[in-house]
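The values are calculated or read from the model by the stated rules, or taken from the named source; none is laboratory data. Bear in mind that the values here come from a model prediction, so they are computed numbers and not experimental data. Because the Cβ atoms are built from the backbone with ideal geometry, glycine has one as well, and the counts that use them run over all protein chains shown.
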Amino acid sequence: MARTLNLFLLSVLFLGLPFPYASANAYETQKSSYPKPYAPQKMETDVVVEGMVYCQSCKYSGSWSFEEAKPIDGAIISVICRNHRDKVSYYKAFTTSKEGYFYAQLTGFSMKNPILDHPLQACVVKLVSSPIDSCDVFTNINYGVNGAHLRFEKKKIMTKNYKAAIYAAGPLAFRPEDCTPDQY
(Lines give C-alpha, C1' and ligand atoms only; values in the text may rest on other atoms or scores of the structure.)
Protein backbone atom coordinates (compact mmCIF):
# COMPACT_ATOMS: atom_id res chain seq x y z
CA MET A 1 0.00 0.00 0.00
CA ALA A 2 2.86 2.39 0.88
CA ARG A 3 4.50 1.60 -2.43
CA THR A 4 1.27 2.47 -4.34
CA LEU A 5 0.96 5.71 -2.41
CA ASN A 6 4.60 6.61 -3.22
CA LEU A 7 4.02 5.89 -6.91
CA PHE A 8 0.92 8.05 -6.87
CA LEU A 9 2.74 10.96 -5.19
CA LEU A 10 5.68 10.65 -7.60
CA SER A 11 3.36 10.73 -10.60
CA VAL A 12 1.58 13.81 -9.27
CA LEU A 13 4.91 15.56 -8.73
CA PHE A 14 6.18 14.44 -12.12
CA LEU A 15 3.07 15.81 -13.89
CA GLY A 16 3.42 19.09 -12.02
CA LEU A 17 6.88 19.77 -13.50
CA PRO A 18 6.96 22.45 -16.20
CA PHE A 19 6.97 20.80 -19.62
CA PRO A 20 6.51 22.59 -22.89
CA TYR A 21 2.97 22.05 -24.12
CA ALA A 22 0.61 23.49 -26.66
CA SER A 23 -2.59 24.90 -25.37
CA ALA A 24 -5.71 25.07 -27.50
CA ASN A 25 -5.55 28.88 -27.43
CA ALA A 26 -1.95 28.97 -28.63
CA TYR A 27 -2.81 26.60 -31.46
CA GLU A 28 -5.81 28.69 -32.51
CA THR A 29 -3.74 31.88 -32.48
CA GLN A 30 -1.01 30.30 -34.53
CA LYS A 31 -3.51 28.70 -36.90
CA SER A 32 -5.43 31.94 -37.48
CA SER A 33 -2.27 33.85 -38.37
CA TYR A 34 -1.99 31.98 -41.68
CA PRO A 35 -3.60 33.65 -44.67
CA LYS A 36 -7.00 32.33 -45.68
CA PRO A 37 -7.10 32.48 -49.46
CA TYR A 38 -10.41 30.62 -49.70
CA ALA A 39 -12.25 32.35 -46.87
CA PRO A 40 -15.67 33.52 -48.10
CA GLN A 41 -15.99 37.29 -48.37
CA LYS A 42 -19.05 38.81 -46.75
CA MET A 43 -20.93 40.70 -49.43
CA GLU A 44 -23.52 43.38 -48.73
CA THR A 45 -26.91 42.88 -50.36
CA ASP A 46 -28.17 45.87 -52.31
CA VAL A 47 -31.82 46.83 -52.03
CA VAL A 48 -33.55 47.65 -55.32
CA VAL A 49 -37.11 48.79 -56.02
CA GLU A 50 -38.62 48.47 -59.49
CA GLY A 51 -41.92 49.40 -61.05
CA MET A 52 -43.78 51.20 -63.82
CA VAL A 53 -45.43 54.61 -64.21
CA TYR A 54 -48.25 55.16 -66.71
CA CYS A 55 -50.59 57.80 -68.03
CA GLN A 56 -54.07 56.43 -67.38
CA SER A 57 -56.56 56.62 -70.23
CA CYS A 58 -59.42 59.09 -69.74
CA LYS A 59 -61.74 56.21 -70.60
CA TYR A 60 -60.82 54.56 -67.25
CA SER A 61 -60.33 57.69 -65.14
CA GLY A 62 -61.63 57.21 -61.61
CA SER A 63 -60.84 53.49 -61.59
CA TRP A 64 -57.65 51.53 -60.95
CA SER A 65 -57.59 50.20 -64.50
CA PHE A 66 -54.44 50.32 -66.63
CA GLU A 67 -56.25 49.34 -69.81
CA GLU A 68 -55.11 51.60 -72.69
CA ALA A 69 -52.60 53.29 -70.35
CA LYS A 70 -49.33 54.49 -71.83
CA PRO A 71 -45.92 54.39 -70.10
CA ILE A 72 -44.42 57.74 -69.16
CA ASP A 73 -40.81 58.48 -70.09
CA GLY A 74 -39.12 60.77 -67.56
CA ALA A 75 -41.66 60.54 -64.74
CA ILE A 76 -40.13 61.06 -61.31
CA ILE A 77 -40.91 58.87 -58.33
CA SER A 78 -39.41 58.91 -54.87
CA VAL A 79 -38.50 56.15 -52.45
CA ILE A 80 -38.96 57.12 -48.82
CA CYS A 81 -37.95 54.88 -45.93
CA ARG A 82 -38.69 55.52 -42.26
CA ASN A 83 -36.93 53.86 -39.37
CA HIS A 84 -38.65 52.18 -36.43
CA ARG A 85 -38.95 55.62 -34.76
CA ASP A 86 -40.87 56.97 -37.79
CA LYS A 87 -38.02 59.27 -38.84
CA VAL A 88 -37.05 59.45 -42.51
CA SER A 89 -33.93 57.32 -42.85
CA TYR A 90 -33.72 57.30 -46.65
CA TYR A 91 -35.04 59.49 -49.46
CA LYS A 92 -34.13 59.56 -53.12
CA ALA A 93 -35.88 60.43 -56.38
CA PHE A 94 -35.60 58.31 -59.52
CA THR A 95 -36.59 58.86 -63.16
CA THR A 96 -38.39 56.37 -65.39
CA SER A 97 -37.01 55.09 -68.69
CA LYS A 98 -38.78 55.62 -72.02
CA GLU A 99 -40.73 52.42 -71.27
CA GLY A 100 -42.00 53.96 -68.01
CA TYR A 101 -39.82 51.60 -65.95
CA PHE A 102 -37.86 52.60 -62.85
CA TYR A 103 -35.02 50.64 -61.29
CA ALA A 104 -34.25 52.32 -57.98
CA GLN A 105 -31.05 51.05 -56.41
CA LEU A 106 -31.17 52.26 -52.80
CA THR A 107 -27.49 53.09 -52.45
CA GLY A 108 -26.73 53.98 -48.85
CA PHE A 109 -29.88 52.40 -47.42
CA SER A 110 -29.15 50.63 -44.14
CA MET A 111 -31.17 48.81 -41.53
CA LYS A 112 -30.30 49.57 -37.92
CA ASN A 113 -32.99 47.11 -36.85
CA PRO A 114 -33.26 44.24 -39.38
CA ILE A 115 -36.92 43.57 -38.61
CA LEU A 116 -38.44 46.99 -37.97
CA ASP A 117 -36.31 48.83 -40.56
CA HIS A 118 -36.74 46.16 -43.27
CA PRO A 119 -37.68 47.65 -46.67
CA LEU A 120 -41.03 45.82 -46.73
CA GLN A 121 -42.10 47.65 -43.57
CA ALA A 122 -40.04 50.83 -43.85
CA CYS A 123 -40.17 51.98 -47.50
CA VAL A 124 -42.82 53.36 -49.84
CA VAL A 125 -42.78 54.72 -53.39
CA LYS A 126 -44.58 57.98 -54.26
CA LEU A 127 -45.27 59.85 -57.44
CA VAL A 128 -43.36 63.15 -57.70
CA SER A 129 -43.91 64.58 -61.18
CA SER A 130 -44.85 63.85 -64.78
CA PRO A 131 -43.04 65.50 -67.70
CA ILE A 132 -46.24 65.36 -69.79
CA ASP A 133 -48.33 68.53 -69.32
CA SER A 134 -51.44 66.80 -70.67
CA CYS A 135 -51.04 63.93 -68.14
CA ASP A 136 -49.76 65.29 -64.85
CA VAL A 137 -52.59 64.82 -62.36
CA PHE A 138 -51.67 62.45 -59.53
CA THR A 139 -53.79 59.34 -59.02
CA ASN A 140 -53.75 57.20 -55.91
CA ILE A 141 -53.77 53.99 -57.97
CA ASN A 142 -51.78 51.44 -55.94
CA TYR A 143 -51.30 54.27 -53.41
CA GLY A 144 -48.98 56.35 -55.59
CA VAL A 145 -49.93 59.48 -53.62
CA ASN A 146 -50.11 58.00 -50.11
CA GLY A 147 -47.13 55.71 -50.65
CA ALA A 148 -47.10 52.37 -52.47
CA HIS A 149 -45.80 49.62 -50.21
CA LEU A 150 -43.14 47.27 -51.51
CA ARG A 151 -43.71 43.64 -52.43
CA PHE A 152 -41.10 40.92 -52.48
CA GLU A 153 -41.68 38.69 -55.47
CA LYS A 154 -38.74 36.33 -54.86
CA LYS A 155 -36.61 38.19 -57.38
CA LYS A 156 -32.89 38.39 -56.71
CA ILE A 157 -29.69 39.09 -58.60
CA MET A 158 -26.72 37.03 -57.50
CA THR A 159 -23.36 37.07 -59.24
CA LYS A 160 -19.85 36.45 -58.04
CA ASN A 161 -19.36 40.10 -57.03
CA TYR A 162 -22.90 41.43 -56.66
CA LYS A 163 -26.02 40.54 -54.71
CA ALA A 164 -29.36 42.39 -54.78
CA ALA A 165 -32.83 41.81 -53.40
CA ILE A 166 -35.41 43.32 -55.76
CA TYR A 167 -38.74 44.61 -54.49
CA ALA A 168 -41.67 45.81 -56.60
CA ALA A 169 -44.02 48.76 -56.19
CA GLY A 170 -47.00 49.90 -58.20
CA PRO A 171 -47.71 50.18 -61.07
CA LEU A 172 -48.40 53.87 -60.52
CA ALA A 173 -50.22 56.37 -62.73
CA PHE A 174 -50.90 59.99 -63.56
CA ARG A 175 -54.03 61.00 -65.48
CA PRO A 176 -55.06 63.84 -67.78
CA GLU A 177 -56.56 66.87 -66.04
CA ASP A 178 -59.54 67.29 -68.33
CA CYS A 179 -61.18 64.19 -69.63
CA THR A 180 -63.86 65.52 -71.95
CA PRO A 181 -66.72 63.19 -72.98
CA ASP A 182 -65.30 62.80 -76.52
CA GLN A 183 -62.14 61.27 -75.02
CA TYR A 184 -64.11 58.36 -73.55
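Being within 17 Å of Ser57 (Cβ to Cβ) and basic (Lys, Arg) is a property that Lys70 has.
Among the residues making up region 116-139, those that are within 27 Å of the chain's Cα centre (by Cα) and β-branched (Val, Ile, Thr) are Val124, Val125, Val128, Thr139. Within the bounds of region 98-105, is there any residue that is closer than 16 Å to Ala173 by Cβ and not in a strand (DSSP E or B)? Yes; the residues of region 98-105 include at least one that is closer than 16 Å to Ala173 by Cβ and not in a strand (DSSP E or B).
Here is a check on your reading of the model: is Ser78 among the hydroxyl-bearing types (Ser, Thr, Tyr), under 30 Å from Arg175 (Cβ atoms), modelled with pLDDT of 90 or more and surrounded by 10 or more Cβ atoms within 10 Å (Cβ to Cβ)?
Yes.
Selection within region 140-150: residues that are in a loop (DSSP other than H, G, I, E, B) and either hydrophobic (A, V, I, L, M, F, W, C) or surrounded by fewer than 16 Cβ atoms within 10 Å (Cβ to Cβ) (or both). The member of this set that is nearest to the chain's Cα centre (by Cα) is Leu150.
Do the conditions hold for Lys112, that is, is it over 16 Å from Ala168 (Cβ atoms), out of contact with any Cys (no Cβ under 8 Å at 6 or more places or on another chain), part of a strand (DSSP E or B) and of a type in the set (D, E, K, R)? Let's see the steps before the verdict.
Working: over 16 Å from Ala168 (Cβ atoms): yes; out of contact with any Cys (no Cβ under 8 Å at 6 or more places or on another chain): yes; part of a strand (DSSP E or B): no; of a type in the set (D, E, K, R): yes.
Here the answer is no, as Lys112 does not meet what is asked.
Return yes when Tyr101 is under 25 Å from Lys154 (Cα atoms) and surrounded by fewer than 19 Cβ atoms within 10 Å (Cβ to Cβ) and no when it is not. It is true that Tyr101 is under 25 Å from Lys154 (Cα atoms) and surrounded by fewer than 19 Cβ atoms within 10 Å (Cβ to Cβ).
Does region 151-165 contain at least one residue that is closer than 30 Å to Cys58 by Cα and either assigned to a strand (DSSP E or B) or out of contact with any Ser or Thr (no Cβ under 6 Å at 6 or more places or on another chain) (or both)? Talk me through it step by step, then tell me what you get.
To start, the set of residues in region 151-165 that are closer than 30 Å to Cys58 by Cα comprises 151.
Keeping just the survivors that are either assigned to a strand (DSSP E or B) or out of contact with any Ser or Thr (no Cβ under 6 Å at 6 or more places or on another chain) (or both) gives 151.
So far as region 151-165 goes, yes, one or more of its residues are closer than 30 Å to Cys58 by Cα and either assigned to a strand (DSSP E or B) or out of contact with any Ser or Thr (no Cβ under 6 Å at 6 or more places or on another chain) (or both).
Residues that are modelled with pLDDT of 95 or more and either under 20 Å from Asp178 (Cβ atoms) or charged (D, E, K, R) (or both) were ranked within region 57-75; the one that is nearest to the chain's Cα centre (by Cα) is Ala75. Scanning region 106-136 for residues that are within 17 Å of Asp46 (Cβ to Cβ) and surrounded by fewer than 16 Cβ atoms within 10 Å (Cβ to Cβ) gives Thr107, Gly108, Ser110, Pro114, Leu120.
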